[in-house]
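Scroll down for the structure; my scribbles are underneath it.
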Amino acid sequence: MVRLISGFSIGVRLSAIIVIALLGAIAIDGIAVTLLSDALIGVGRSPLATEAIQGHLRLIAVCVAGLAALLWWAGWLVTRSITGPLNELTRLLQDVVEDGNVYRAVALDRHGATGPLVTAVDHLLEHLRRFLVRVQDRVTDLALSGDALSSAGLRVSHQMSTLDGETSQVATAMTEMSASAEEVARNVETAAEHSRTAVARAHTGSELVGRSQVAIGKLAEDVRDASERTRQLAEDAENIRSIVDVIRGIAEQTNLLALNAAIEAARAGEGGRGFAIVASEVRALAERTQASTNEIQRRIEHLNLGVQDTLGVMQRCLDRTGQSQQRALEAREALDSITTAATTISTLNGEIASAALEQSMVSEDINRNIVNISAIAGTTAELAEASSKQNSQFGSILSDLIETLGALHAGDNWHYQLAAAKTSHLLWKIRVRAFLDGHLALASEEAVSHHECKFGRWFDSLAANTIPPSLARAMKPHEHLHNLVRQIIQLKQTGYTSEAERLFAELDEVSGVILERLDEGGATPK
């Protein structure tokens, strides 16, 4: 009978036992009444009847005792079927409380009275597992966001520092440029004055060149006239030479006639002596005439040479006069060009002076804007510093949250393990960044071996044949990262902050490689 009802719920079992007990009591009561009636009817009130009644009462007592024993045994079976699973569930929940691992299977019968409770506990653990995995994913996302914010804040801080330096340099340059612009304006004004003076002098020079050109033209006319007269003199000298030739011919003829007369006088003797004297005088006169004509010829030739030289000089004078006229014309054109250029330069100098003055005013405006930009950059740098401080506090709060959530974990879930390892790595990186920013203290002793950190201990706890290759490739960068952390702490403590920042930039790259390896190892290992 108990077997028949053992498969039902507690309420059904108790109802069945009560019904059976009632039916048993009713049956016993009916039997007793029947027996007593028979006894009374058969023997009346005799001693035998009394004895019979007592026997019947003993039988009723035995039946009641048996019924009570049956009820106790049925209750014990029911209690045993309830307390056994409850004890198992209690031990299971105590184990969860002790080690925090909710990744456990509830291996209990779910068809008995405690079946719904067992199923509810199993569902609760399943929900806790999913909840912890989701929470770990969100915590990892928060750590990634915190790391991104830290990197962004660092870049903003560096850029603002660079911007502050550059704006200071630009402000200095703009001040110098403004002063230079004012100097340029003054120099341009001076140049404009010189240009105006050059224009006036160029006008004067052009007029002087024009007058010189007129004078050179007149000189050329005079030279041409003198040349013509000299040429006429040469022609007259040539005419004189012809006349001298005639005179020379006459003198030669006269000398010959005198010679003939002397010869004839000599033949005449004493009578021709007077004629001989005349002939001698005529001869002497002819010789003197011939000598004079020769001297005139020589002088005429010398005159011709002088005239030719004079004509050559005059021709050269004419040529040079022409060249001078051409040069004077070119000089005048050049002076006119200089006048035009100087006028243009004077106009441009005025425009440059105006532009320089305007540039000086614009430079002052730019300088004021740069001062405002520098102030904004300073405020932004302060905000970046405050953001860095808040990010370090965020890292501490996130660490506290993870420690609090560590009371429960789904340690056997591979995705959960990877997310926890990634979060631990990111939080350590955030701590190093906060240390460099001066918001957190780190001792060299905290830079433990890559086997002693949470990530290293978790990796070492894995079976070698279950580690994904990508995750195995993350250990070399992880070891390098720990070496960098130790160097950064030492450099920061000894005052080499710039070198420590350079190593942190390298650490950031190594961290990216580690995160990539962890993402690649997301598949559940064998």
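Name every residue in region 204-228 that is touching a residue at least 60 places away in the same chain (Cβ under 8 Å) and either aliphatic (A, V, I, L, M) or surrounded by fewer than 16 Cβ atoms within 10 Å (Cβ to Cβ) (or both), in order of residue number.
V209, G210, I216, G217, L219, A220, V223, R224, A226
Failed condition for N483, given (1) closer than 16 Å to I514 by Cβ; (2) in contact with a helix residue (DSSP H, G or I) (Cβ under 9 Å, 6 or more places away or on another chain); (3) surrounded by fewer than 19 Cβ atoms within 10 Å (Cβ to Cβ), with all others met?
(2)
Which residue is farthest from H478 (Cα to Cα), if the candidates are limited to region 415-433 and must be at pLDDT below 80 and touching a Gly at 6+ places or on another chain (Cβ under 8 Å)?
Ranking the candidates gives H415 first.
Restricting the first residue to region 288-313 and requiring it to be in a helix (DSSP H, G or I), which pairs with a second residue that is of a type outside the set (V, I, T) and at pLDDT 75 or above meet a Cβ separation below 9 Å and a spacing of at least six or different chains?
That search, which allows pairs on different chains as well, returns Q290/E252; T293/D245; Q297/D245.
The values are calculated or read from the model by the stated rules, or taken from the named source; none is laboratory data. None of these values were measured; they are calculated from a predicted model. We place every Cβ from the backbone using ideal geometry, glycine too, and count neighbours over all the protein chains shown.
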